[in-house]
Amino acid sequence: MKKTLLSGAAAIAMFLAMGAAAQSADIIVDEPMTDWSGFYLGGHLGYGWADMSGAYDETDTESQLFAEDLDLEGVVYGVHGGFNWQMDSIVFGIEGDVSLTDIDDSENAASEGSDGAESEVQSGEVDLLASVRGRLGIALDDVLLYATAGVAIPDAEYEITGTGATDGKVKFGEIGGVVGGGVEFAMTDSIRLRAEGLYYFFGEDESLEDISDADTGEEVEFEDVIVVRGGISFYF
């Protein structure tokens, strides 16, 4: 339910931005007073939620663990930079960003009170999210509404501890995608504030067969991340 609501909120934000851009494009307007073209650098801060799925040691009821039971969430912070081009009220550009995150959670084995529940723990974490995205928006004087989409790379992991395995960890780092939308406000000619939502989707599977006690064919999937964040950009 949480994933559905958050995904829906991100999609609504993106389509609202795109709808506003399309509607405003039909209106003949004068040259916007604010110039959104040029190079910019900035920082951002927000919060994120991630989803993993899959099972560890599913046939053992005393130590079975399901990755979807993890409630992965935490603070997201980082830097971004890009370049905009402007044609009348239409603004398009490219942006790259790198975000460090504290998105994580851990959980004991499902059978509470057993020896397994005390010794075997699953944990998941997302350490980094990076993306390169295109942006397309409509400038309404000192307000910019935009939609964005591109490719993303994570640094995430899932770990089992307490099994005695030499390596109880799998890493995720394959390229995925990201879509979103947001709004920027021009406070001065060079300082802009923003609020945006981003939906990262990965769907990367990793086998657990090398972890002690894991059953044949068991794997964990790093599914997606939803981030809402605010930021400040300095235009040059």
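The values are calculated or read from the model by the stated rules, or taken from the named source; none is laboratory data. Owing to the predicted nature of the structure, the values given are computational and were not obtained by experimental measurement. Methodologically, a virtual Cβ is constructed for each residue, glycine included, from the backbone with ideal geometry; neighbour enumeration extends over all protein chains shown. These accessible areas exclude ligands, DNA and RNA; they are computed on the full protein's heavy atoms, side chains included. Shrake-Rupley method; radii C 1.70, N 1.55, O 1.52, S 1.80 Å.
Below are the figures for this structure:
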{"item": "Within region 191-212, tally of residues that are within 29 Å of Y235 (Cα to Cα) and modelled with pLDDT under 95", "result": "0"}
{"item": "Qualifying residue in region 34-45 (condition: at pLDDT 95 or above, within 30 Å of D105 (Cβ to Cβ) and among the small types (G, A, S))", "result": "yes"}
{"item": "Verdict on D142 being farther than 12 Å from V225 by Cβ and either open to solvent by 10 Å² or more (accessible area, probe 1.4 Å) or polar (S, T, N, Q) (or both)", "result": "yes"}
{"item": "Options S63, S89; residue that is of a type in the set (S, T, N, Q), surrounded by 15 or more Cβ atoms within 10 Å (Cβ to Cβ) and closer than 30 Å to T216 by Cβ", "result": "S63"}
{"item": "Selection from region 66-86 of residues that are farther than 30 Å from Y235 by Cα and either crowded, with 20+ Cβ neighbours inside 10 Å or free of Cβ contacts under 8 Å to residues at least 24 places away in the same chain (or both)", "result": "A67, E68, L70, L72"}
{"item": "Index of the failed condition, G137 passing every other in (1) more than 17 Å from S99 (Cβ to Cβ); (2) open to solvent by 70 Å² or more (accessible area, probe 1.4 Å)", "result": "(2)"}
